[in-house]
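The values are calculated or read from the model by the stated rules, or taken from the named source; none is laboratory data. On a predicted model such as this, the values are computed, not experimentally measured, just so you know. Note that we place each Cβ from the backbone using ideal geometry, even for glycine, and neighbour counts take in every protein chain shown. Ligands, DNA and RNA are stripped out before the accessible areas are found, and what is left, the full protein with its side chains, is counted by its heavy atoms. Shrake-Rupley method; radii C 1.70, N 1.55, O 1.52, S 1.80 Å.
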Amino acid sequence: MSTHTSKSSRRTFLSGAAAASAYVWIPTPVRGYTAAEMLATITIDNKVKPGISKWELDTPALCVDLDKMEQNIAKMQSTLKANGLASRPHSKTHKCAAIAKYQLQTGSIGICCAKISEAEAMIENGVDKICMTTSNPSKSKIRRAMAIRKKSSNFIQAVDLEENARDLSAAAKEAGVVADVVIDVAVGTRSGIPAGDDALALAKVIDKLPNLKLRGMLSYDGGVQHAKGFAARKERALKTIQPNAEVFAGMKKAGLNAEIFSGGGSGTYNIMHQTPGFTDVQVGSYLFMDMQYLAIGGQDDANVYTDFQPSLTVLVTVLNNRFPGLLTTDGGSKAFTLNKPNAGVIGEPGMDYNAGSDEFGSIKITGTPSKSYKIGDKLECIVPHCDPAVNEYDWIYGTRKDKVEVVWPITGRGRSQ
């Protein structure tokens, strides 16, 4: 049950414990269903039989509100289309082939994968428009990449070193394919070849290697995505990408194939179109949102990022209420991964949720809760950061109006190599 929140209430929601007030609800006592029991109720068209409430799920349970997720995707697609860009979403956010397929069906030109094993999980489940954003210097990963390329002509690999490019070309020849590659041109210092003459020289080398096809370049600026304040984020994003835009222009001037200039993310999706030559945005968290992103502020609200709705939540159960001003839940760091910023308890701005313990969450009650919570009651929380949280679960429960509609396997869970 969604309720509109004013700007002032959203500021309250992020103050102190940064707890969420996007929903208002009072759960009734429920017995809890395990994943296996839920799967036993699924019909052949992958729809859960009507009448099962998400509050019946055993906890901790990873849930996504399908209405909100679909609205987030629709807003991203319409905004990028209006700005003349495409989306190439990161699958590391959801690690779910079913969601990746939906993103492709709704207009994305492909998906990004950070790791070879993640790409393998997608290919194995029918998702083949993949761009690897991480270079793979090891021989074994190169062979695995070429095995993917043999299965899909839409597979693109990142490279940022001449020696690696030559290894890729040799492996592609051995596999009997021509491998599509993009140059990872650094924005910052995390990965990639620095923007400048060396990057352009690498592009020219790749262009001459017999079993590689140059497609363009990647330039992801991870550091700017969570910069607070829209104006500051915009200024920094456009400034840091400028040297990369010059490399891309140099590639075109040299007559090299430069059809891809990809980068940006959920924090800069409505900024990157101002960069000359930019083609697509590597959005990820827009799908789910989390406490980190909610705190960065947007064009319409300097304090809260309201562009996309928090659709991803974790349900937890109260295990202990015996100590004044405190609750203990079954959702600790293994359910949320990160503890900062704290998870947001939906509907309870006066709760400070600490997931620092492995198995237990500790809630300090700093305000007046909406009800007196008993052992066995359930709470719904927005995660600190969606990507690592998803990786902790086997299943994600897709809900609509608090009813479980679909159960999706996290097909790329644990695929970190």
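For residue 299, indicate whether it is touching a residue at least 60 places away in the same chain (Cβ under 8 Å) and more than 30 Å from residue 404 (Cβ to Cβ).
yes
Strands (runs of 3 or more DSSP E) wholly in the stretch 338-417 with at least 1 residues that are among the hydroxyl-bearing types (Ser, Thr, Tyr) and either open to solvent by less than 40 Å² (accessible area, probe 1.4 Å) or in contact with a His (Cβ under 8 Å, 6 or more places away or on another chain) (or both) - which ones?
Fully inside the stretch 338-417 and qualifying: 351-354, 395-400.
Conditions first: (1) open to solvent by 10 Å² or more (accessible area, probe 1.4 Å); (2) under 20 Å from residue 280 (Cβ atoms); (3) outside any loop (DSSP other than H, G, I, E, B). Residue 112 passes all but one, so which condition is the exception?
With respect to (1) open to solvent by 10 Å² or more (accessible area, probe 1.4 Å); (2) under 20 Å from residue 280 (Cβ atoms); (3) outside any loop (DSSP other than H, G, I, E, B), residue 112 is out only on (1).
Condition check: closer than 21 Å to residue 190 by Cβ, in contact with a strand residue (DSSP E or B) (Cβ under 8 Å, 6 or more places away or on another chain), open to solvent by 10 Å² or more (accessible area, probe 1.4 Å) and not hydrophobic (A, V, I, L, M, F, W, C). Does residue 220 satisfy that?
yes
Cβ-Cβ distance below 8 Å, separation of 6 or more or different chains: which pairs start in the stretch 175-189 with a residue that is of a type in the set (Asp, Glu) and end on one that is open to solvent by less than 10 Å² (accessible area, probe 1.4 Å) and not in a strand (DSSP E or B)?
180/155
Looking for whichever is open to solvent by 10 Å² or more (accessible area, probe 1.4 Å), β-branched (Val, Ile, Thr) and under 21 Å from residue 416 (Cβ atoms) here; the options are 142, 130, 123. Which one fits?
123 is the lone residue from the list that is open to solvent by 10 Å² or more (accessible area, probe 1.4 Å), β-branched (Val, Ile, Thr) and under 21 Å from residue 416 (Cβ atoms).
Is there a residue in the stretch 165-182 that is within 18 Å of residue 90 (Cβ to Cβ), modelled with pLDDT of 95 or more and among the aliphatic types (A, V, I, L, M)?
Yes - at least one qualifying residue is present in the stretch 165-182.
For residue 176, which of the numbered conditions (1) open to solvent by 60 Å² or more (accessible area, probe 1.4 Å); (2) under 30 Å from residue 239 (Cα atoms) fails to hold?
Failed condition: (2).
Can you spot a residue in the stretch 76-99 that is surrounded by fewer than 17 Cβ atoms within 10 Å (Cβ to Cβ), in contact with a Lys or Arg (Cβ under 8 Å, 6 or more places away or on another chain) and at positive phi?
So far as the stretch 76-99 goes, no, none of its residues is surrounded by fewer than 17 Cβ atoms within 10 Å (Cβ to Cβ), in contact with a Lys or Arg (Cβ under 8 Å, 6 or more places away or on another chain) and at positive phi.
Could you say whether any residue in the stretch 298-311 is closer than 24 Å to residue 88 by Cβ, among the aromatic types (Phe, Trp, Tyr), crowded, with 17+ Cβ neighbours inside 10 Å and in contact with a strand residue (DSSP E or B) (Cβ under 7 Å, 6 or more places away or on another chain)?
No.
Going by the conditions given, is residue 319 modelled with pLDDT of 95 or more and farther than 21 Å from residue 90 by Cα?
Here the answer is yes, as residue 319 does meet what is asked.
From the list 107, 84, 126, exactly one residue is under 18 Å from the mean Cα position of the chain (by Cα), touching a residue at least 24 places away in the same chain (Cβ under 8 Å) and in a loop (DSSP other than H, G, I, E, B). Which is it?
The unique qualifying residue is 107.
Which condition does residue 257 not pass, out of (1) buried (at least 16 other Cβ atoms within 10 Å of the Cβ); (2) touching a Leu at 6+ places or on another chain (Cβ under 9 Å); (3) more than 20 Å from residue 148 (Cα to Cα), if it passes all the others?
Tallying (1) buried (at least 16 other Cβ atoms within 10 Å of the Cβ); (2) touching a Leu at 6+ places or on another chain (Cβ under 9 Å); (3) more than 20 Å from residue 148 (Cα to Cα), residue 257 fails exactly one: (1).
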